[in-house]
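Nothing in this text is a laboratory measurement; each read-out follows from the coordinates by a stated rule. Quick caveat: nothing in here was measured; it's all calculated off a predicted structure. Reconstructed Cβ throughout: ideal geometry from the backbone, glycine too, with neighbour counts over all protein chains shown.
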Amino acid sequence: MKQNMEGGNEKALSILERKRQEAFLSVINTLDERFLVDLKQSFKSHEQEYSITSLEDCIVAFAQQNRELTEELYREIVSQNEYHKEQAIAKLRELFVAYEKTVALFTELRSYHPTVASKLAERLPALKVVVEQAEKQWTELDKN
């Protein structure tokens, strides 16, 4: 038995699968180093730059910032021509794009239909976590 990337035991991995896991781990480690602790003070919507003025803006700005960092790393990896890393970052990029779309729709609901958004958050607990994280960021921004 060999240890997998998460530290658990599993059957011996093929060379190809090991390369895929190593590529994913390398990409995730690079993203971890680049993800900013501080939230940027603005976000873009329809090619316009807006200042953060609400909790909903925080949610969108956070998702947008992470997607932008992921896309930047994607461009770097593509230029390096490293197939396995490119496959890993492509999947992560799509995940961050989907996350940004999801939270943008959710924040729109929170702004215009708060009761519906609240019920939706009860059904989709991950949305509650998004709000909790944004509340912390909003508090930090408010202090500055």
Does GLU49 count as among the acidic types (Asp, Glu) and in a strand (DSSP E or B)?
-> yes
Restricting region 27-85 to residues that are under 16 Å from the mean Cα position of the chain (by Cα), surrounded by fewer than 16 Cβ atoms within 10 Å (Cβ to Cβ) and among the hydrophobic types (A, V, I, L, M, F, W, C), the residue that is farthest from GLU135 (Cα to Cα) | ILE28
Would you point out which residue out of THR70, THR107, THR102 is in contact with an Asp or Glu (Cβ under 8 Å, 6 or more places away or on another chain), of a type in the set (Ser, Thr, Tyr) and free of Cβ contacts under 8 Å to residues at least 60 places away in the same chain?
-> THR107
Name the one entry in THR115, THR107 that is among the polar types (S, T, N, Q), more than 25 Å from LYS19 (Cα to Cα) and surrounded by 13 or more Cβ atoms within 10 Å (Cβ to Cβ).
-> THR107
How do the pairs read when you match residues in region 112-132 that are more than 19 Å from ASN66 (Cβ to Cβ) with residues anywhere that are surrounded by 13 or more Cβ atoms within 10 Å (Cβ to Cβ) and among the aliphatic types (A, V, I, L, M), using Cβ under 6 Å and keeping only pairs 6 or more apart or on different chains?
-> VAL116/LEU109; ALA117/LEU109; ALA121/LEU127
